[in-house]
Amino acid sequence: MQMRRLGDTQVSAIGLGCMPMSVHVGEPSREQAIGTIHASLDAGVRLLDTADAYSPTGQMGHNEELVAEALRTWSGDPDSVLVATKGGHFRTPDGGWDRNGRPEYLREACEASLRRLGVEAIGLYQHHRPDPDVPYEETLGGMKDLYDEGKIRMIGISNANPDQIRLAHSMLPLAAVQNEFSPAFRSSEPELELCAELGIAFLPWSPLGGMSSAKDLGSNFLAFAQVAERHEASPQQVCLAWELAKADVVIPIPGSSRPATAVASAEAVHIDLTDEDLALLG
């Protein structure tokens, strides 16, 4: 497994997004979810991305509990794995989503995540999504307080625009930015380029968005399929390799709920795209 720097830590160049294991009640089974995490770790993945809000309605923290159980029961060293979780987003009783960026809420959320994960300090704690009702400086100040108190070891932000990234970088020891980015969603390219300039890890969420359906990508999907054929790989694996080639700060976190797909994603680090490949993919 290739490694990349995230803050002061070396992690696998591809992580595992754990959200798909907890969105719907009973899908997948707890056994399958934990098996997926184990398979990913056995394949060399050393970054697990979760959040307190990744849960069925009324079961806040479900995904964090899955991750904690998987690490406890894994045959390897759990201390070699960076667990990244988030706060500031939550499920509503009607099955929707809402935000709370107030420092007092983030403190409560962080302390609950610490209990669920069974750790003294969270490896990477990310503010999940800007709250339009709370000044961003106030939210970032709350994150800094948690860092200064030793409750979190590294700070990240998510779903942020360039101005918010610059502000966070000026106020915090900012380690990571997590935004949506994929062949079908390239509007975060400015954020990716800014992170590369500042030396901040950029974690694309939903990095395979649209790859399962040609209609979402049109002719661009054919380019990924063509390159995949050259490398005896899947278009999804080429997609991850393409993102890795964007900058050495990029660490995709593809989601999975099945062991086979988690392992296939991890194997994308072995694809060495040529200049011709990259020109074709755009």
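For the range 254-268, enumerate the residues that are outside any helix (DSSP H, G or I) and buried (at least 24 other Cβ atoms within 10 Å of the Cβ). Those that are outside any helix (DSSP H, G or I) and buried (at least 24 other Cβ atoms within 10 Å of the Cβ): Pro254, Ser256. Take the conditions open to solvent by 10 Å² or more (accessible area, probe 1.4 Å) and either modelled with pLDDT of 95 or more or of a type outside the set (D, E, K, R) (or both) and apply them to Gln164. Does it pass? So Gln164 fits the description; yes.
Residues in the range 150-170 that are within 18 Å of Leu117 (Cα to Cα) and among the charged types (D, E, K, R): Lys151, Arg153. Taken over the range 269-281, residues that are among the β-branched types (Val, Ile, Thr), touching a helix residue (DSSP H, G or I) at 6+ places or on another chain (Cβ under 8 Å) and either free of Cβ contacts under 8 Å to residues at least 40 places away in the same chain or not in a helix (DSSP H, G or I) (or both) amount to 1.
Residue selection: Ala13 satisfies the criterion of being within 13 Å of the chain's Cα centre (by Cα), open to solvent by less than 40 Å² (accessible area, probe 1.4 Å) and more than 20 Å from Arg99 (Cα to Cα). Restricted to strands (runs of 3 or more DSSP E) entirely inside the range 149-244, those with at least 2 residues that are touching a Gly at 6+ places or on another chain (Cβ under 6 Å) are 174-180. Taken over the range 56-76, the criterion of being closer than 30 Å to Pro93 by Cβ, buried (at least 22 other Cβ atoms within 10 Å of the Cβ) and not β-branched (Val, Ile, Thr) is satisfied by Gly61, His62, Asn63, Glu64, Leu66, Ala70. Residue check: Ile34 meets all listed conditions (1) touching a strand residue (DSSP E or B) at 6+ places or on another chain (Cβ under 9 Å); (2) β-branched (Val, Ile, Thr); (3) crowded, with 19+ Cβ neighbours inside 10 Å but one, namely (1).
Condition check ((1) more than 19 Å from Ala168 (Cα to Cα); (2) of a type in the set (Asp, Glu); (3) in contact with a Cys (Cβ under 7 Å, 6 or more places away or on another chain)) across all residues:
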site	(1), (2), (3)
Phe90	yes, no, no
Asp98	yes, yes, no
Arg107	no, no, no
Ala112	yes, no, no
Val119	yes, no, no
Gly150	no, no, no
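Can you find even one residue in the range 18-37 that is at pLDDT 95 or above and in a loop (DSSP other than H, G, I, E, B)? For the range 18-37, residues at pLDDT 95 or above and in a loop (DSSP other than H, G, I, E, B): present. Which of the residues that make up the range 55-86 are charged (D, E, K, R) and assigned to a helix (DSSP H, G or I)? Glu64, Glu65, Glu69, Arg72, Asp79, listed by residue number.
The values are calculated or read from the model by the stated rules, or taken from the named source; none is laboratory data. All of these numbers come straight from a predicted model, not from anything done at the bench. Note that we place each Cβ from the backbone using ideal geometry, even for glycine, and neighbour counts take in every protein chain shown. For the accessible areas, the whole protein counts, side chains as well, though only heavy atoms, and no ligand, DNA or RNA atoms are used. Shrake-Rupley method; radii C 1.70, N 1.55, O 1.52, S 1.80 Å.
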